[in-house]
Amino acid sequence: MINIRLIPLYTLLAACQSNNNCIEGDCLNGVGKIKFENDGIDSGQFVNGRLDGLGLRVHGEGTYEGDRYEGEFKNNKMDVFGEYYHTAQNLSYRGFFKEGLRHGEGQIVNLDHPKEEIILVL
């Protein structure tokens, strides 16, 4: 008798993506580092090939080039608490996130004038 095990399609797709771009560690279910074609990098804790837990995302070429986020991820999105650095405007936002967006209380700092800070409540 042949024993067939079904694996959800999203798991296979995540595995293919992670294995092709994984440059360090376990980018499927563990701690690893992925480098993308645009030189962007995701590193941290992965579940099913997606950032989930503590991690770092550095944006490569494009609209958000050089921006980075350090903090918590859930299902590959910024979530709970972290710090986002906006390179073009030389600003940082440290605070709460939900599903990839700022959510709740946070602090915006102009890195050219770090003593000037804005408390933001969304």
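Annotations
- Selection status of G40, modelled with pLDDT of 95 or more and surrounded by fewer than 17 Cβ atoms within 10 Å (Cβ to Cβ): no
- Residue list for region 21-34, filter: open to solvent by 70 Å² or more (accessible area, probe 1.4 Å) and either in a loop (DSSP other than H, G, I, E, B) or under 17 Å from L54 (Cα atoms) (or both): E24, N29, V31
- Those residues of region 89-102 which are touching a strand residue (DSSP E or B) at 6+ places or on another chain (Cβ under 6 Å), part of a loop (DSSP other than H, G, I, E, B) and open to solvent by 50 Å² or more (accessible area, probe 1.4 Å), in sequence order: E99
- Hey, G60 surrounded by 14 or more Cβ atoms within 10 Å (Cβ to Cβ), over 25 Å from E24 (Cβ atoms) and not β-branched (V, I, T) or not: no
- Inter-residue pairs, beta-carbon under 9 Å, first part of a loop (DSSP other than H, G, I, E, B) and in region 53-72, second surrounded by 15 or more Cβ atoms within 10 Å (Cβ to Cβ) and charged (D, E, K, R), 6+ apart: H59/D67; H59/R68; G60/K35; D67/R57
- Search result, residues across region 65-88 that are surrounded by fewer than 17 Cβ atoms within 10 Å (Cβ to Cβ) and among the polar types (S, T, N, Q): N75, T87
The values are calculated or read from the model by the stated rules, or taken from the named source; none is laboratory data. Remember, it's a predicted structure, so these values are computed and weren't measured experimentally. With ideal geometry, Cβ positions are generated from the backbone for all residues, glycine too; neighbour counts draw on all protein chains shown. When the accessible area is computed, the model is the full protein with side chains, heavy atoms only, and any ligands, DNA or RNA have been set aside. Shrake-Rupley method; radii C 1.70, N 1.55, O 1.52, S 1.80 Å.
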